[in-house]
Amino acid sequence: MTGSFFLLKFLKFCLVGLSGMVIDFGITWLLKERIKINKYIANSCGFALAALSNYLWNRIWTFGSHNEHITAEFLSFFLISLLGLGLNNFVLWVVSDRLKQNFYFSKVLAIGIVTVWNFGMNFIFTF
């Protein structure tokens with residue numbers, strides 16, 4: 001495997017992640033600001049919907065998976081995403097609540113950290 005192959009996969013993963021970030025931020029904002037749901041619940045809902053979208057796009061476009069065991073593949077992706085969600089909420093808690101930084105700044109930082117986690121784990125274990 002060449003470095004350019006790995007880099008291309010990572011860039012595709014990031015583009016898919018960018019679309020997921022739009023979904024994540026949109027749902028989080030809608031639930032937190034408009035519907036007034038707890039910020040961690042709103043964040044978790046946004047993250048979960050983005051993870052579903054990201055799985056589909058990464059399966060088809062980023063990794064071109066033809067794995068017949070789609071349920072196992074999805075469960076692997078979702079488990080990694082759930083662990084990423086825990087990491088995401090932890091970073092939010094530390095940066096937003098403990099360090100008193102802006103919630104959305106904290107969310108961008110959390111997304112950056114979780115992107116690296118998700119790509120690495122999915123590259124190794126899922127696809």
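We did not get these values from a lab; they are worked out from the coordinates using the rules stated. Please read all numbers here as calculations on a predicted model, not as lab measurements. Don't worry about glycine lacking a Cβ; one is built from the backbone with ideal geometry, like all the others, and counts go over all protein chains shown.
Descriptive notes on the structure:
- Computed over the alpha-carbon pairs of segment 36-99, the distance histogram in 5 Å steps reads 4, 16, 22, 20, 14, 11, 7, 4, 1, 0 percent, short to long.
- Residues whose amide H lies under 5 Å from that of Q101, counting only those 5 or more places away or on a different chain, are S96; hydrogens are built 1.01 Å from N in the peptide plane.
- When you count the other C-beta atoms within 10 angstrom of each residue and take the mean per peptide, 47-56, 30-39 line up highest first as 47-56, 30-39.
- Listed residue pairs exceeding 29 Å between alpha carbons, taken from K36/K100; K32/K100; K9/K32: K9/K32
- Taking 7 Å steps out from each Cα toward its Cβ at Q101 and S53 produces label points 2.4 nm apart.
- When only the Cβ of Lys, Arg, Asp and Glu is charged (+1, +1, -1, -1), the dipole of segment 3-126 relative to its Cα centre reaches about 400 debye.
- Counted residue by residue at 0.36 nm each, then reduced by the alpha carbon distance between them, the extension gain from K36 to V22 reaches 3.1 nm.
- Cα pair count fraction exceeding 19 Å, expressed as % - the chain: 47 percent
- Sequentially through segment 114-127, phi angles give Karplus couplings (6.51, -1.76, 1.60; θ = phi - 60°) of 5, 4, 5, 4, 4, 4, x, 5, 6, 4, 7, 9, 8, 10 Hz, Gly and Pro residues having no value and appearing as x.
- With the simple spin-label model, which puts each label point 7 Å out from Cα in the Cβ direction, the L8 to H69 separation comes to 2.7 nm.
- Working note: Karplus 6.51/-1.76/1.60 with θ = phi - 60° gives segment 85-100 the couplings 4, x, 5, 4, 5, 5, 4, 4, 4, 5, 6, 7, 7, 7, 8, 6 Hz, where Gly and Pro are set to x.
- For segment 20-31, Karplus couplings with θ = phi - 60° (6.51, -1.76, 1.60), whole Hz, Gly/Pro x: x, 5, 4, 5, 4, 5, x, 5, 4, 4, 4, 5
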